[in-house]
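Worksheet: the structure to be examined is printed underneath.
Derivation of every value follows stated rules applied to the coordinates shown; laboratory data play no part. A quick note: this is a predicted structure, and the numbers were derived from the prediction, not measured. With ideal geometry, Cβ positions are generated from the backbone for all residues, glycine too; neighbour counts draw on all protein chains shown.
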């Protein structure tokens, strides 16, 4: 059964609120749809992965010199406001110098990619493409 | 700053990724838990199998 937010989104108007909220804040799209449990788990998982990556001195991509940097930057951008916060606060290492920093770099990139998947899931729930 | 071992990093990566996969790829809570657990097992299991393969090849 569709929730009121789903029916209003399906009826018309701006349909990308959940997608946008989900991208900016991990789990935000699910919170907008009042799916608190799923949103909380997504926030804990994606946020946890991002901050563990930072704790391992993972690199935050700021520019792209080659194709691998571009892919890494695209992954990092998936973190939404967390990426912006990390850039503004100067978190993360400039370059990978120890093994655990390479794990951290991967954690941060994958957190961004998972956040995109979660945001698309929230969008699918909002427009009724996914049932529940 | 933390320095996890490779296997600890695998466990953490598998746990977080499996939670997101479970929530986004299935619709019912029971199916989500089963799919998440399967993903976790596949991640960790394949890491162990590939590690042993590389160990044996390197000898």
Q: Taking just the C-alpha trace of the stretch B:10-58, give me its Rg and Dmax in Å.
A: 13.0, 44
Q) So for B:20, A:96, fewest C-beta neighbours within 10 Å to most, what's the order? A) A:96, B:20
Q.
Using a 10 Å cut-off around each Cβ, can you sort A:114, A:20, A:81 from fewest to most neighbouring Cβ atoms?
A. A:81, A:20, A:114
Q.
Pairs of alpha-carbon atoms within less than 8 angstrom and 6+ residues apart define the contacts here; what relative contact order does chain A have, in percent?
A. 38 percent
Q | Among A:79, A:115, A:63, residue whose mean-square fluctuation peaks in a GNM of chain A (springs only between Cα atoms under 10 Å) | A | A:63
Q. How many nm is it between the label spots at residue A:95 and residue B:7, if each spot is 7 Å from the Cα in line with the beta carbon?
A. 3.3 nm
**Q.** Helix-only CD estimate at 222 nm, as mean residue ellipticity for chain A, using -39500 (n - 2.57) per DSSP H run (n ≥ 4)
**A.** -21500 deg cm²/dmol
Q. Remind me, what semi-axes does the protein assembly as shown give for its equivalent ellipsoid, largest first in whole Å, using sqrt of 5 times each Cα gyration tensor eigenvalue?
A. 31, 22, 13
Q: Could you list the residues of the stretch A:31-47 with an amide nitrogen less than 16 Å from a label point located 7 Å from the Cα of residue B:33 in the Cα-to-C-beta direction?
A: A:37-38, A:41
